[in-house]
Amino acid sequence: VLKLFKLLHRTRQEVFKNDTRALEAARQKINEEFKNNQDETSEEKINELLKMASDVEVILRTSVIQAVHTDSDKI
(Lines give C-alpha, C1' and ligand atoms only; values in the text may rest on other atoms or scores of the structure.)
Protein backbone atom coordinates (compact mmCIF):
# COMPACT_ATOMS: atom_id res chain seq x y z
CA VAL A 1 0.00 0.00 0.00
CA LEU A 2 2.76 2.43 0.96
CA LYS A 3 4.69 1.61 -2.21
CA LEU A 4 1.66 2.47 -4.36
CA PHE A 5 1.02 5.65 -2.35
CA LYS A 6 4.59 6.81 -2.99
CA LEU A 7 4.39 5.81 -6.68
CA LEU A 8 1.23 7.89 -7.14
CA HIS A 9 2.93 10.91 -5.59
CA ARG A 10 6.04 10.48 -7.77
CA THR A 11 3.87 10.19 -10.87
CA ARG A 12 1.92 13.28 -9.80
CA GLN A 13 5.16 15.23 -9.48
CA GLU A 14 6.30 14.20 -12.98
CA VAL A 15 2.98 14.70 -14.74
CA PHE A 16 2.12 18.06 -13.18
CA LYS A 17 5.65 19.49 -12.95
CA ASN A 18 5.59 23.31 -12.77
CA ASP A 19 1.78 23.40 -12.31
CA THR A 20 1.35 24.25 -8.64
CA ARG A 21 -2.45 24.15 -8.66
CA ALA A 22 -2.61 20.71 -10.28
CA LEU A 23 0.18 19.41 -8.03
CA GLU A 24 -1.65 20.52 -4.90
CA ALA A 25 -5.05 19.27 -6.08
CA ALA A 26 -3.62 15.85 -6.97
CA ARG A 27 -1.73 15.68 -3.65
CA GLN A 28 -4.89 16.42 -1.70
CA LYS A 29 -6.95 13.89 -3.66
CA ILE A 30 -4.39 11.08 -3.29
CA ASN A 31 -4.03 11.74 0.44
CA GLU A 32 -7.80 12.01 0.91
CA GLU A 33 -8.53 8.71 -0.85
CA PHE A 34 -5.88 6.80 1.10
CA LYS A 35 -6.98 8.39 4.40
CA ASN A 36 -10.66 7.60 3.75
CA ASN A 37 -9.80 3.93 3.28
CA GLN A 38 -7.05 3.47 5.88
CA ASP A 39 -9.30 1.50 8.24
CA GLU A 40 -10.46 -0.96 5.58
CA THR A 41 -10.02 -4.56 6.75
CA SER A 42 -11.65 -6.57 3.97
CA GLU A 43 -8.91 -8.16 1.88
CA GLU A 44 -11.18 -8.18 -1.17
CA LYS A 45 -11.97 -4.46 -0.81
CA ILE A 46 -8.29 -3.60 -0.21
CA ASN A 47 -7.27 -5.48 -3.37
CA GLU A 48 -9.99 -3.67 -5.31
CA LEU A 49 -8.78 -0.27 -4.01
CA LEU A 50 -5.16 -1.12 -4.83
CA LYS A 51 -6.15 -2.13 -8.37
CA MET A 52 -8.02 1.14 -8.82
CA ALA A 53 -5.05 3.17 -7.50
CA SER A 54 -2.72 1.30 -9.84
CA ASP A 55 -5.04 2.00 -12.78
CA VAL A 56 -5.13 5.71 -11.85
CA GLU A 57 -1.33 5.82 -11.81
CA VAL A 58 -1.16 4.30 -15.30
CA ILE A 59 -3.77 6.74 -16.62
CA LEU A 60 -1.92 9.70 -15.14
CA ARG A 61 1.36 8.54 -16.60
CA THR A 62 0.04 7.71 -20.07
CA SER A 63 -2.97 9.94 -20.73
CA VAL A 64 -2.48 13.34 -19.09
CA ILE A 65 -1.01 16.03 -21.31
CA GLN A 66 0.37 19.28 -19.94
CA ALA A 67 0.42 22.10 -22.48
CA VAL A 68 2.87 24.98 -22.23
CA HIS A 69 1.91 28.44 -23.39
CA THR A 70 4.86 29.67 -25.48
CA ASP A 71 3.50 32.68 -27.32
CA SER A 72 0.33 34.73 -27.54
CA ASP A 73 -1.21 32.33 -30.06
CA LYS A 74 0.79 29.14 -29.51
CA ILE A 75 0.70 26.31 -27.02
Degrees, to the nearest 10: 43-63 long Cα axis against longest axis of the chain: 10
Rounded to 10°, Cα long-axis angle of helix 20-36 versus longest principal axis of the chain: 10
Extension gain from Val58 to Thr70, taking 0.36 nm per residue of separation minus the Cα-Cα distance: 1.5 nm
Lysine pairs in the chain with Cα atoms under 19 Å, if 8 or more residues apart or on separate chains: 12
Share of carbon and sulfur in the accessible heavy-atom surface of region 1-60 [1.4 Å probe, %]: 52
Counted charge near Asn18, where neighbours are those whose Cβ lies closer than 13 Å (Asp, Glu -1; Lys, Arg +1): 0
Solvent-accessible heavy-atom area per residue, rounded to whole Å², over the chain at 1.4 Å: 82
Three-way shape label, the chain, alpha-carbon gyration tensor, a/c 1.5: prolate
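The values are calculated or read from the model by the stated rules, or taken from the named source; none is laboratory data. It should be emphasised that the depicted structure is a prediction, and the values quoted were computed from it without experimental measurement. When we count neighbours, we look across all protein chains shown, and the Cβ atoms used for this are built from the backbone with ideal geometry, even at glycine. Ligands, DNA and RNA are excluded from the accessible area calculation, which covers all protein heavy atoms including side chains. Shrake-Rupley method; radii C 1.70, N 1.55, O 1.52, S 1.80 Å.
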